[in-house]
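For reference, the structure discussed in these notes is given below.
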Amino acid sequence: MADYDLFVIGAGSGGVRGARVSAAHGARVAVAEEYRVGGTCVIRGCVPKKLLVYGAHFAEDLEDAAMFGWDVPTKRFDWAVLRDNVLSEVDRLEGAYGETLGTHGVEIIRERAVLTGPNSVRLASGREATADKILIATGARPQLPRIESIEHAITSNEVFHLDKIPQRIVIVGGGYIANEFAGIFHEFGSQVTLVNRTDVLLRHYDQQIVDRLLQISVRKGIDFKFNSKIERIEKLESGRIHMTMTGCDDFEADQLLFATGRVPNLEGLGCEAAGVEVTDQGAIKVDDDNRTSAPSIYAVGDVTNRVQLTPVAIREAQAFADTVFGNKPTRVDYGCIPSAVFSHPPLAAVGMTEGEARNRLGSVKVYTSDFRPMKNVLAGRNERSLYKLIVDGTTDRIVGLHMIGPDAPEILQAAAIAVRAQLKKSDFDATVALHPTMAEELVLMR
């Protein structure tokens with residue numbers, strides 16, 4: 001008999017869900033984690049970053065407060081207070097994740113595990129363990145370019161541990177992580193320059209919405225350098241970083257942050273020894289049931305590089321556990337996944353962009369609402385929101401919904417249900433508006 005019914009490598013969002021649900025189905029489960037329980041999202045990703053976003057929003061809220069009758073005599077930000085409180089919350093969540101696993105009878109092994117065969121792993125301590133099934137959920141890590149002195153740059157992993165807020169920071173990248181941290185550091189008082197090797201930001205989002213974010217960001221004072229690239233990094237005696245550039249002038253900054261994508265954590269994992277095939281891009285190949293080329297080994301989450309989103313990893317892990325141990329075959333539907341960028345202001349989307357819809361459907365109707373939120377009007381803030389509905393011109397079905405403005409991600413979560421349910425524009429039109437809200441614009445577009 002094997003030591004376990006299931007051995008999970010990696011205790012991030014996917015690994016924890018897969019382990020917990022499999023144990024609830026009656027499996028004997030162990031999970032190995034070499035760093036901290038909770039993975040990228042809880043320890044150094046979505047959760048602490050969103051807390052920084054909340055902290056950053058106070059900069060504008062305090063500035064706007066005077067027009068609402070509030071006298072705020074001083075506005076002083078203490079990075080160390082926020083940083084330490086965020087890290088304390090991360091510690092609390094890590095403990096809660098561990099307790100949840102323990103409550104479900106999952107054995108937590110706090111050391112690295114590598115594959116030695118289709119049914120076996122070796123722990124860092126030298127112990128060998130066997131399992132009927134193995135689930136790989138090792139996630140991904142920030143990608144760094146091969147540039148001399150790259151060790152002087154940081155990634156999103158290190159942001160949460162900075163000693164102080166840099167006076168000037170250069171952020172490299174054009175995706176959601178780069179744009180989110182650009183907004184955060186700007187609100188904290190840093191001079192922010194975002195460097196991107198192309199002229200496209202947030203490639204998979206509707207470009208009209210992205211253009212609005214760019215306009216607002218530039219007006220706020222964030223500097224964008226497109227079609228530019230860092231060729232060389234040099235740490236100066238002053239402690240500042242000098243960057244030799246192509247495409248724009250050279251820079252000096254107090255901090256350099258790379259947010260140029262993430263790569264699956266497969267290094268030294270033993271995939272070859274276990275017969276697990278890997279793609280040319282360095283991700284684990286899986287089928288629709290999360291099974292690898294080794295029939296006893298499965299993989300979920302960022303390590304498969306399908307959709308690098310925490311809720312997707314959780315769905316994949318749930319489907320794995322229900323299928324393999326719950327006698328309830330389940331597959332994940334990747335067709336209508338909502339997503340958000342917690343920029344300043346945030347944007348959110350679900351379904352097809354206007355360009356995708358025109359290419360795939362041909363006949364498309366586009367409805368927009370371009371408005372100034374009531375709060376911004378009274379505050380004297382000229383920032384405008386933009387909502388956009390993409391409708392199939394033949395069936396009247398809403399196939400895409402895109403938003404930028406305050407609380408856009410919160411509004412979109414409910415609206416995404418309507419898109420997923422294939423509701424029509426007429427269904428939105430027939431819904432009574434909830435006034436006065438920003439969300440009512442969704443049912444008022446004509």
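The values are calculated or read from the model by the stated rules, or taken from the named source; none is laboratory data. None of the values given here were measured: they were computed from a predicted structure. Methodologically, a virtual Cβ is constructed for each residue, glycine included, from the backbone with ideal geometry; neighbour enumeration extends over all protein chains shown. Surface areas here come from the heavy atoms of the whole protein model, side chains and all, with no ligands, DNA or RNA. Shrake-Rupley method; radii C 1.70, N 1.55, O 1.52, S 1.80 Å.
Out of Q308, Q281, report the one residue that is touching a strand residue (DSSP E or B) at 6+ places or on another chain (Cβ under 9 Å), within 30 Å of L214 (Cβ to Cβ) and touching a residue at least 60 places away in the same chain (Cβ under 8 Å). First the steps, then the outcome.
Details: Q281 fails: touching a residue at least 60 places away in the same chain (Cβ under 8 Å).
Going through Q308, Q281 in turn, just one is touching a strand residue (DSSP E or B) at 6+ places or on another chain (Cβ under 9 Å), within 30 Å of L214 (Cβ to Cβ) and touching a residue at least 60 places away in the same chain (Cβ under 8 Å): Q308.
Cβ-Cβ below 8 Å, separation at least six or inter-chain, first residue in the stretch 110-127 and over 13 Å from G268 (Cα atoms), second of a type in the set (A, V, I, L, M, F, W, C) and open to solvent by 30 Å² or more (accessible area, probe 1.4 Å): which pairs?
E111/A124; G117/A273
In the list E383, E440, which residue meets the criterion of being open to solvent by less than 30 Å² (accessible area, probe 1.4 Å), assigned to a loop (DSSP other than H, G, I, E, B) and either closer than 17 Å to L214 by Cβ or of a type in the set (D, E) (or both)?
E383
Filter the stretch 320-347 for residues that are touching a Phe, Trp or Tyr at 6+ places or on another chain (Cβ under 9 Å) and of a type outside the set (S, T, N, Q) and give the result.
Within the stretch 320-347, F320, V324, A340, V341, F342, L347 meet the criteria.
When the stretch 277-315 is examined, which residues are found to be within 17 Å of G15 (Cβ to Cβ), charged (D, E, K, R) and touching a Ser or Thr at 6+ places or on another chain (Cβ under 8 Å)?
Across the stretch 277-315, the qualifying residue is only D302.
How about the stretch 129-150: which of its residues are hydroxyl-bearing (S, T, Y) and at pLDDT 95 or above? I'd like the intermediate steps shown before the answer.
Initially, the stretch 129-150 is screened for residues hydroxyl-bearing (S, T, Y), giving 130, 138, 149.
Hits for the stretch 129-150 are T130, T138.
Could you list, in sequence order, all residues of the stretch 27-43 that are open to solvent by 60 Å² or more (accessible area, probe 1.4 Å) and touching a Phe, Trp or Tyr at 6+ places or on another chain (Cβ under 9 Å)?
R28
Considering only the stretch 249-289, give the strands (runs of 3 or more DSSP E) lying wholly within it that have at least 1 residues that are loosely packed, with under 15 Cβ neighbours inside 10 Å, among the β-branched types (V, I, T) and not assigned by the TED database to the domain that holds S156.
Counting at least 1 such residues, we get no strands (runs of 3 or more DSSP E) at all.
If we scan the stretch 121-129, do we find a residue that is within 21 Å of E316 (Cα to Cα) and not hydrophobic (A, V, I, L, M, F, W, C)?
For the stretch 121-129, residues within 21 Å of E316 (Cα to Cα) and not hydrophobic (A, V, I, L, M, F, W, C): absent.
Test K225 against the criterion of being closer than 25 Å to N382 by Cα and either at pLDDT 95 or above or aliphatic (A, V, I, L, M) (or both), and give yes or no.
It is true that K225 is closer than 25 Å to N382 by Cα and either at pLDDT 95 or above or aliphatic (A, V, I, L, M) (or both).
For the stretch 307-331, what are the residues that are part of a helix (DSSP H, G or I) and not small (G, A, S)?
Correct list: T310, P311, V312, I314, R315, E316, Q318, F320, D322, T323, V324.
Which of the residues spanning the stretch 116-138 are among the aliphatic types (A, V, I, L, M) and over 28 Å from the mean Cα position of the chain (by Cα)?
V121, L123, A124, A129, A131
Within the stretch 327-361, restricting attention to residues that are small (G, A, S) and out of contact with any Ser or Thr (no Cβ under 8 Å at 6 or more places or on another chain), which residue is farthest from R28 (Cα to Cα)?
So, considering only residues that are small (G, A, S) and out of contact with any Ser or Thr (no Cβ under 8 Å at 6 or more places or on another chain), the one farthest from R28 (Cα to Cα) is G355.
Return the total of residues in the stretch 28-57 being closer than 21 Å to V303 by Cβ and aliphatic (A, V, I, L, M).
So the answer is 8.
Output yes when any residue across the stretch 373-380 is part of a strand (DSSP E or B) and either at pLDDT 95 or above or open to solvent by 20 Å² or more (accessible area, probe 1.4 Å) (or both), and no when none is.
no
Taking the options R141, R146, name whichever one is under 21 Å from the mean Cα position of the chain (by Cα) and of a type in the set (K, R).
Result of the check over R141, R146: R141.
Picking from A113, A30, A56, A65, which residue would you name as being touching a His at 6+ places or on another chain (Cβ under 9 Å) and small (G, A, S)?
Only one candidate passes the filter, namely A56.
Take the conditions open to solvent by less than 20 Å² (accessible area, probe 1.4 Å), assigned to a helix (DSSP H, G or I), more than 30 Å from A65 (Cβ to Cβ) and not assigned by the TED database to the domain that holds E180 and apply them to V391. Does it pass? Full working, then the answer.
Working: open to solvent by less than 20 Å² (accessible area, probe 1.4 Å): yes; assigned to a helix (DSSP H, G or I): no; more than 30 Å from A65 (Cβ to Cβ): yes; not assigned by the TED database to the domain that holds E180: yes.
No; evaluated as a whole, the condition is false for this residue.
Would you be able to tell me the number of residues in the stretch 167-200 that are of a type outside the set (S, T, N, Q) and open to solvent by 10 Å² or more (accessible area, probe 1.4 Å)?
Residues that pass the stated criteria total 13.
Find the residue count for the stretch 290-301, including only residues that are open to solvent by less than 10 Å² (accessible area, probe 1.4 Å) and in contact with a Pro (Cβ under 8 Å, 6 or more places away or on another chain).
Selection size over the stretch 290-301: 2.
Report, by residue number, each residue of the stretch 330-358 that is assigned by the TED database to the domain that holds A415, within 27 Å of the chain's Cα centre (by Cα) and open to solvent by 70 Å² or more (accessible area, probe 1.4 Å).
Listed by number, the list holds a single entry, E356.
Looking for whichever is under 21 Å from E60 (Cα atoms) and not charged (D, E, K, R) here; the options are P373, P436. Which one fits?
Answer to the check: P373.
Are any residues in the stretch 394-427 open to solvent by less than 30 Å² (accessible area, probe 1.4 Å) and part of a loop (DSSP other than H, G, I, E, B), and if so, which ones?
Result: G405, single match.
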